[in-house]
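The values are calculated or read from the model by the stated rules, or taken from the named source; none is laboratory data. Bear in mind the structure is a predicted one, so any value in this text is a computation, not a measurement. Methodologically, a virtual Cβ is constructed for each residue, glycine included, from the backbone with ideal geometry; neighbour enumeration extends over all protein chains shown.
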Ligand SMILES: NC(=O)c1ccc[n+]([C@@H]2O[C@H](COP(=O)([O-])OP(=O)(O)OC[C@H]3O[C@@H](n4cnc5c(N)ncnc54)[C@H](O)[C@@H]3O)[C@@H](O)[C@H]2O)c1
């Protein structure tokens, strides 16, 4: 049974005390929480103690815990950011929830259905908050689109596509050759690595739950002998269909692509996206302009909200800042976070089931529900 989860605010001048586990991508969350008035980063933890020391010093953080267990014992911590390698998220989130801490976890929530179910059970039992950090839901260029689809402007949604295209050469450049992402025992999988950016964001845009998955891996492997490309088809409750492609093998610049098609109109992104703080183009078509030969382009900031000062933009623009702000609000107001444990499980289970299908050479796999 966890401790009272507001205990740390007494020792942090009323602020939510944050502990960051894993100091690669974890540093983006660290800086996001440092920028916000409602939180203080009280401690960091990384098994690479030299890195932990350097990050703590650079960011003026007093405490660095040599072991995760010690950070979980720290009464100054209300909230743990889990930013360790993919295969460890489930167990690290479970440990934090068992210790009475809220959790902001990097994608994926976990790599097994049992871990997803355990996280749901622990948040329910202890009244703790959990959010899976698919920060793409905070991309400025998608905000109006999601609203437009929710209000029914595109009519009844029947098809959508999501793509996460990011060459692994770029991801592991300048890292050790046995980095976990390409290590034979812990390789970053397609649908549970970058995959949640495609699957979770597409589900959110289409406003659907996926109930069945079928998928194939490209048989060609990367130079690390890992699977680099998977294509999945999902059947949604209500009859819509979706296609998700995740590739670490395509020789092209980074791309997060989405399209959504409804009975009254269509939305597509450009695949030429230009980076975090660049502008990008969304294309729309609607029965109001039926007969036009072109889709209507709308140029927007890609990942950065122009209302947030430019110097605050992080590696992914301002998305992590808005995500951290959202999660703090959910804790303080006791509301369900946008990608709470059940919502996260719906997306991650779709990825787990699609991987199962592809690993067995194709065929339908039923996706469990999380009500
Ligand atoms: N949301 C995004 O856009 C985004 C971007 C980059 C990475 N990520 C995710 O963030 C996670 C971390 O990726 P990364 O690129 O930062 O990897 P990384 O290898 O750079 O960093 C992981 C860190 O975790 C530490 N670590 C590993 N096991 C540990 C343990 N048991 N206890 C303490 N520390 C431990 C490592 O020493 C390392 O410093 C991954 O799940 C990755 O998919 C997400």
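The strands (runs of 3 or more DSSP E) located wholly in the stretch 95-172 that include 3 or more residues which are within 15 Å of the ligand (Cβ to nearest atom) occupy 102-105, 157-165. Of the residues making up the stretch 147-170, those that are surrounded by 19 or more Cβ atoms within 10 Å (Cβ to Cβ) and within 30 Å of residue 26 (Cβ to Cβ) are 162, 163, 164, 165, 166, 168. Of the strands (runs of 3 or more DSSP E) entirely within the stretch 222-289, those holding at least 2 residues that are within 15 Å of residue 153 (Cβ to Cβ) occupy 255-262, 265-269, 279-286.
For first residues located in the stretch 302-321 and without any contact (Cβ under 8 Å) to a residue 24 or more places away in the chain, partners that are within 16 Å of the ligand (Cβ to nearest atom) and lie 6+ apart or on another chain with Cβ distances below 8 Å form the pairs 308/318; 308/321; 308/322.
Of all the numbered requirements in (1) in contact (Cβ under 8 Å) with a residue 24 or more places away in the chain; (2) more than 19 Å from the chain's Cα centre (by Cα); (3) more than 25 Å from residue 82 (Cα to Cα), residue 151 misses one, and that requirement is (1). Taking (1) part of a helix (DSSP H, G or I); (2) more than 15 Å from the ligand (Cβ to nearest atom); (3) surrounded by fewer than 19 Cβ atoms within 10 Å (Cβ to Cβ) in turn, residue 203 satisfies each apart from (3).
Quick one: in the stretch 290-321, of everything that is assigned to a loop (DSSP other than H, G, I, E, B) and under 23 Å from residue 157 (Cβ atoms), which residue is nearest to the ligand (Cβ to nearest atom)? Top of the filtered list is 295.
Residues of the stretch 28-60 that are away from the ligand (no atom under 12 Å from the Cβ), in contact with a strand residue (DSSP E or B) (Cβ under 7 Å, 6 or more places away or on another chain) and within 18 Å of residue 329 (Cβ to Cβ): 33, 34, 38, 39, 40, 41.
The residues listed here are 102, 59, 92, 126; of these, the one that is buried (at least 21 other Cβ atoms within 10 Å of the Cβ) and more than 17 Å from residue 192 (Cβ to Cβ) is 102.
Residues in the stretch 180-200 that are within 26 Å of residue 257 (Cβ to Cβ) and either within 10 Å of the ligand (Cβ to nearest atom) or modelled with pLDDT of 95 or more (or both): 14 in all.
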